[in-house]
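Q: Submitted below is the structure of interest, expressed as structure tokens.
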Amino acid sequence: MFEIVFLGTSASAPSVYRGLPAQVVIAEEYRFLVDCGEGTQRQILKSGIGFKRLNRILLTHGHLDHILGLAGLLSTFMRWESIDSLEIWGGDRTLDRVQELLFGVVLRGQEAPMPIHLIDLKPGLLFTSKKFTIEAFPVTHRGPGNFGFAFIEKARRPFLAEKAEAIGVPVGPERGLLTAGKSITLPGGQVVHPDDVLGDVMPGARLVVVGDVARTDNLPDIIHGADALVIEATYCAAEADFAEDYGHLTAAQAARFAAEAGVQTLILTHLSRRNRERDVLAEARAIFPQTYVARDFDHFSVSKGKPVVRLEPARITDSAT
């Protein structure tokens, strides 16, 4: 299962109700901040999720509305919060800007209180744990070095308790060994193999986060069939010319892509201040009914085989940290 908390959902400039782009993806004990618009550190505080373990940042691209918050976040880490290290992934041009912002403006020759690792992002696998992976993929926006991210639960074989009981496998470490793919021998000498008690392979949940994007026809197959797709809807259909000129999507274009890609749920973000949320939502749902428009501090849970759930902000993981 993945959770995603939206900290900022506006495009280009903040509005009264929407901050600049940032969202936190939570998986197991890990947290990943995707983009860091101006004011993100305050949004983190207001959301209740706190700064604990928030030391991995994935940047979709280097436009200022997606990275300016890094300066304030680093300042907060330096003065008020304690983390062991800070890892920032981004394309080479994005990292050039981050380097100038953090080391040229914030630190200005001072030594950072923690190691800061700027990691040049390339398409493919960028992170793996026991239960999930993260893959980066290129997207088309203005200029090179733009990325989206796919959070993918590893496939697993469910343990079939009824079969285990029928064979006589006791409750305890023996079942853990079978789940781990190891055979066991029962007290009577019977050998039980994993295939005897494990079901068919089940794919895990897949959450895909796309940043600013000008076109969808060259997005990768990894998006197809995703349990949730987060993508921009900066404009409405009446502003399609603006969308093309500035390398963005309309709500209708995002919805058509979601339908073509067979995703389960579409979550729209990066809204222009000129558009009303209800208009964006109506345009998209006319094409793809299972659509949400994210608001600041919205919190979604994404699980395989279950509808995406919009949770109450008070249920955010680690809200007391």
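Q: How many residues are polar (S, T, N, Q) and free of Cβ contacts under 8 Å to residues at least 40 places away in the same chain if we restrict to the range 92-134?
A: 4
Q: In the range 28-49, what residues are touching an Asp or Glu at 6+ places or on another chain (Cβ under 8 Å) and either more than 27 Å from P307 (Cα to Cα) or at pLDDT 95 or above (or both)?
A: G37, E38, Q43
Q: Looking at (1) of a type in the set (S, T, N, Q); (2) touching a helix residue (DSSP H, G or I) at 6+ places or on another chain (Cβ under 6 Å); (3) over 24 Å from E312 (Cα atoms), can you tell me which one S272 breaks?
A: Among (1) of a type in the set (S, T, N, Q); (2) touching a helix residue (DSSP H, G or I) at 6+ places or on another chain (Cβ under 6 Å); (3) over 24 Å from E312 (Cα atoms), S272 violates only (2).
Q: Could you look through the range 1-27, keep only residues that are of a type in the set (G, A, S) and modelled with pLDDT under 95, and pick out the one that is farthest from G90 (Cα to Cα)?
A: S15
Q: If you check T265, T216, T234, which single one turns out to be among the hydroxyl-bearing types (S, T, Y), under 20 Å from I152 (Cα atoms) and under 20 Å from the mean Cα position of the chain (by Cα)?
A: Step by step, each of T265, T216, T234 is checked, and only T265 is among the hydroxyl-bearing types (S, T, Y), under 20 Å from I152 (Cα atoms) and under 20 Å from the mean Cα position of the chain (by Cα).
Q: Hand me the list of strands (runs of 3 or more DSSP E) wholly inside the range 1-80 holding 3 or more residues that are in contact with a Pro (Cβ under 6 Å, 6 or more places away or on another chain) and without any contact (Cβ under 8 Å) to a residue 60 or more places away in the chain.
A: none
Q: Ok, one more. Could you grab me the full set of residues in the range 45-74 that are hydrophobic (A, V, I, L, M, F, W, C) and over 24 Å from G91 (Cβ atoms)?
A: L45, I49, F51
Q: How many of the residues making up the range 214-228 are among the aliphatic types (A, V, I, L, M) and farther than 14 Å from A136 by Cα?
A: Result for the range 214-228: 3.
Q: Among the candidates L118, L125, which residue alone is of a type in the set (A, V, I, L, M, F, W, C), more than 24 Å from H248 (Cα to Cα) and buried (at least 16 other Cβ atoms within 10 Å of the Cβ)?
A: L118
Q: In the range 244-277, what count of residues is obtained for those that are free of Cβ contacts under 8 Å to residues at least 24 places away in the same chain and either under 21 Å from H61 (Cβ atoms) or in contact with a strand residue (DSSP E or B) (Cβ under 6 Å, 6 or more places away or on another chain) (or both)?
A: 2
Q: Just to be sure before I move on: is V171 crowded, with 17+ Cβ neighbours inside 10 Å and not in a helix (DSSP H, G or I) in the structure I sent?
A: Taking the combined requirement at face value, the residue does not satisfy it.
Q: Would you mention how many residues in the range 111-146 are more than 28 Å from M1 (Cα to Cα), touching a His at 6+ places or on another chain (Cβ under 7 Å) and assigned to a loop (DSSP other than H, G, I, E, B)?
A: Qualifying residue count, the range 111-146: 1.
The values are calculated or read from the model by the stated rules, or taken from the named source; none is laboratory data. Owing to the predicted nature of the structure, the values given are computational and were not obtained by experimental measurement. When we count neighbours, we look across all protein chains shown, and the Cβ atoms used for this are built from the backbone with ideal geometry, even at glycine.
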